[in-house]
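Presented below is the structure to which this report refers.
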Amino acid sequence: MGSLVGHVAPGFGFFIIGLWHLLNNIKNHAISPTSFTSLIWFPTSKIRYLELFLIMGGCTMSIAMELFIGPDRHQPLDPDGTIPSNHLHNFEHSNISMALFMYAAFSILLDKLTPPAQYGLTSMLGAIAFGQELLLFHFHSTDHMGIEGQYHWLLQIVIFTSLATTLLGIKYPKSFLNSFARSISIMFQGVWLMVMGFMLWTPEFIPKGCFLNLENGHQVARCHGDEALQRAKSLVNIEFSWYVMGVTIFSVSLYLIMIKLYQDKVEYQSITKLEEQEEEDEDDVEAKGKFDQPKSSFLPMGKSFAPLDMER
């Protein structure tokens, strides 16, 4: 993960999953606001487990890159079988991917077996994955005092939001606002990871007074003195607040647009069905009136024969 591609690639994955959740939650709430129930993952019509398959595939690629492709000797251990110091962050990153892989794999299994606690267990697995991510970023082996550490501190706020909303979803599965906030936090994780990748490993974006330095085989952003470091951290904080506002504006605008579109569609369908029902009722009434009309009584007007006068 300690590179531009190592942050942009997983960040894009988080962004796509978060956006997918956001779209589906808004759509479901617009169609049936009174009976809305949040889902921890969303099936697709053609490939039911497409979202989970993508998570598992992305995690597998991440683990392979961290442990086998990225290291110089294509394996993360020293000849004596121990973990070298410069590969500690590789194991930390791979553990995050393993936790997400575990969540996706068990989500498929739970969906196939459909036990009574399926929703709660799936949500718990998602919370464990976010908890693992928060733990490893909090105790990250990377220096927390530099610019990269400031990016990581702010990332932990977003991860904690994903963790908290996932846990709250177990207790309040019908809360749209909770699922809305969870979707935004997952999407924002992706946005911030991609921002980290570009801002920390693109020389043109390094703050004034700072530079990229090669340490233990990795490029690390360093600054000349405390003044330059404090300025760089302040810029990161300002940047974070800008992205918070940007993602919030995007999410709320998307909500308003989709609510308008789907509510109009639902109302149109309801009116059309009502008109069709009224037409069917009218046809039924006409048919009933036609066939239930009492038949006319035709009294035979034949000759009337008086009784014969036998006495005549």
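A 21 angstrom limit on the alpha carbon distance is what I want to check against. Which of Lys208/Lys233; Lys46/Lys265; Lys46/Lys112 exceed it? Correct reply: Lys46/Lys265. Rg over Rh for the stretch 174-223 works out to 1.26, both radii taken from alpha-carbon positions and Rh defined as the Kirkwood radius. For the stretch 35-188, the Cα-based Rg and Dmax, in that order, read 17.4, 59 Å.
A Cα-only calculation for the stretch 3-76 places Rg and Dmax at 16.7, 57 Å.
The convex hull of the Cα atoms of the stretch 107-207, projected and averaged over all directions, covers 7.8 nm².
Computed over the Cα atoms, what is the radius of gyration of the stretch 83-144 divided by 2.2 N^0.38 Å, N being its residue count?
Numbers: Rg = 14.5 Å, N = 62, 2.2 N^0.38 = 10.6 Å.
Ratio of Cα Rg to 2.2 N^0.38 Å: 1.38.
Each reported figure results from applying straightforward, stated rules to the coordinates on display, with no laboratory input. This structure is a prediction, so every number in the text was calculated from the model and none was measured.
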